[in-house]
Amino acid sequence: MDEGDPPESFEQQRLANVHPAGWVNPAPADRYDLVVIGGGPAGLVACEAAGPLGVRVALIENDALGGNNLNTGSVPSKALLRTARLCAEMRAAGRYGARAGDDCGVDFAAAMARMRRVRARISRVDSARRLAQAGVDVFFGDAVFSGVDRVDVAGARLHFSRALIATGARPDTPQIPGLADAGYLTNETVFDITAVPARLLVIGGGPLGCELAQAFARFGARTTIAQAAPLFLAKEERDAAQLLSEALARDGVQVRLNTSAVSVRVARGGRARDESTEAAIGPGRRITDSAVNDHD
Ligand SMILES: Cc1cc2nc3c(=O)[nH]c(=O)nc-3n(C[C@H](O)[C@H](O)[C@H](O)COP(=O)(O)OP(=O)(O)OC[C@H]3O[C@@H](n4cnc5c(N)ncnc54)[C@H](O)[C@@H]3O)c2cc1C
């Protein structure tokens, strides 16, 4: 894989690793010492740790190996943050005695292509084939317990001595009137957008909301964070929260505390998620965080 590969091939390579087309689930063993449900970082680490012990392990994943971390969380967000940081540093080049070109805007398509290349490269580590070679029986499908020592997946029944549930988290959509009709982004969709929104409202000012807000502000979106709580990053150490608050202000992010999203209206013209004018995002998660919002 190299930089010259067509961007769509990165996605093909990732999917070939994390959920290969035509994958045939193995015939189940008589009994597994361990069945792991969920192939995110937690499930994968459990498989890796169990391997050297010589125990029989099965892993069940209903979507993509690597979980949030690889596909819709840490890896894509950190790849985009890297580009966003570079943009910010180039704009501040003069402060360091360096000169950047006049045009140091972002080529969003190129930044997203790089993110997909990074994600595809890392996906080799989480690949179904690599797990199978390490002796793990990999099953794709929904895991459903059918007894105290058995779980069903895609028509097969797996018997186990121990099961580990590592099914992670998913976006938790807040119940805001109008939101569902208007449309919104979450971490499961934001890494698929094709243009920087002109305006972005992030509902929820936790770490995930802050990092996405900062990245998109640095890419040129007019970005606002709305959070219901009165204190910015209330769970963090106050000096750290203050530093981050100042950094967000420098990047032009508006932070509105004591602010709850109460309703969402579709923009004039009928499109709430017109990427050229505005977008809404929701990194809130069940066991997690989310955001969204609006348009006038
Ligand atoms: C935008 C964003 C940025 C983040 N950045 C960071 C960061 O910088 N650093 C950091 O440490 N963490 C970060 N995180 C958090 C990190 O991604 C999660 O903590 C991590 O992915 C949790 O791993 P997990 O294995 O517990 O769950 P997950 O990664 O959620 O994996 C669970 C897996 O279980 C599967 N599954 C669910 N139900 C079933 C079922 N019934 N049958 C079979 N499979 C099932 C899912 O498809 C999924 O693949 C970020 C998260 C997000 C959303």
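Quick check on packing: order 38-47, 10-19, 240-249 by the mean number of other C-beta atoms within 10 Å, highest mean leading.
Values: 38-47: 21.5, 10-19: 19.4, 240-249: 13.9.
Averaged packing, sorted descending, gives the order 38-47, 10-19, 240-249.
Work out from phi, with θ = phi - 60° and the Karplus expression 6.51 cos²θ - 1.76 cosθ + 1.60, the ³J(HN,Hα) of each residue of the range 34-51, listed in order in whole Hz, and give x for Gly and Pro.
Result, ordered by residue: 9, 10, 9, 10, x, x, x, x, 5, x, 5, 5, 4, 4, 5, 5, 6, x Hz.
Apply the Karplus curve 6.51 cos²θ - 1.76 cosθ + 1.60, θ = phi - 60°, to the phi angles in the range 247-260 and return the couplings in whole Hz, x for Gly and Pro.
5, 5, 4, 4, 7, x, 6, 8, 10, 10, 8, 6, 10, 9
Please provide three numbers in whole Å: the alpha-carbon extents of the range 1-169 along the principal axes, with the largest listed first.
Ordered largest first, the range 1-169 gives principal extents of 66, 29, 26 Å.
Under a plain spin-label model, where a point goes 7 Å from the Cα along Cα-to-Cβ, how far apart in nm are Val55 and Val148?
Once both label points are built, they end up 1.9 nm from each other.
For the chain, what is the Kirkwood estimate of the hydrodynamic radius, computed as the reciprocal of the mean inverse distance between distinct Cα atoms, to one decimal in Å?
Values: mean 1/r = 0.0476 Å⁻¹.
Computed over Cα pairs of the chain, the Kirkwood hydrodynamic radius comes out at 21.0 Å.
Of all beta bridges DSSP finds with both residues in the chain, what is the antiparallel percent, to the nearest 5?
On the way: 9 of 35 bridges.
So the antiparallel bridges amount to about 25 percent of the total.
For labels at Ala169 and Glu89 in the simple 7 Å Cα→Cβ model, what's the distance in nm?
A separation of 2.9 nm, rounded to one decimal place.
Between Ser263 and Leu231, 0.36 nm times their residue separation minus their Cα-Cα distance comes to what?
On the way: separation 32, 0.36 × 32 = 11.52 nm, distance 2.23 nm.
Between Ser263 and Leu231, full extension yields an extra 9.3 nm.
Lys and Arg at +1, Asp and Glu at -1: add these up for the other residues within a Cβ distance under 12 Å of Lys78 and post the number. List each step's numbers first, then the result.
Details: positive: Arg82, Arg85, Arg114, Arg119; negative: Glu211.
It works out to a net charge of +3.
Please sort by residue number the trypsin sites (Lys or Arg not before Pro) in the range 171-273 whose DSSP state is loop and whose Cβ has at most 12 other Cβ atoms within 10 Å.
Values: sites: Arg199, Arg218, Arg222, Lys235, Arg238, Arg250, Arg256, Arg265, Arg268, Arg271, Arg273; in loops: Lys235, Arg265, Arg268, Arg271, Arg273.
Of the trypsin sites (Lys or Arg not before Pro), the ones in loops of the range 171-273 whose Cβ has at most 12 other Cβ atoms within 10 Å are Lys235, Arg268.
Give me the one-decimal nm value for the distance between modelled label points at Ala27 and Leu243, 7 Å along each residue's Cα-to-Cβ direction.
Label-label distance for Ala27 and Leu243, simple model: 5.9 nm.
Apply the Karplus curve 6.51 cos²θ - 1.76 cosθ + 1.60, θ = phi - 60°, to the phi angles in the range 112-122 and return the couplings in whole Hz, x for Gly and Pro.
Per residue, the Karplus-derived 3J(HN,Hα) values read 5, 5, 4, 4, 5, 5, 4, 5, 5, 5, 5 Hz.
Between Arg121 and Leu81, what length in nm is gained on full extension when 0.36 nm per residue of separation is reduced by their alpha carbon distance? Intermediate results must be reported in sequence, preceding the final value.
Details: separation 40, 0.36 × 40 = 14.40 nm, distance 1.75 nm.
So the extension gain works out to 12.6 nm.
Among 185-196, 62-73, what's the highest-first ranking by average C-beta atoms within 10 angstrom per residue? Provide the component values of the computation, followed by the final result.
Working: 185-196: 17.8, 62-73: 22.2.
Those peptides, ordered most packed to least, come out 62-73, 185-196.
Just so you know, all these numbers are worked out from the coordinates, no wet-lab data involved. Predicted model only: the values in this text are computed from it and were never measured. Positions of Cβ are backbone-derived with ideal geometry, glycine not excepted, and every protein chain shown enters the neighbour counts.
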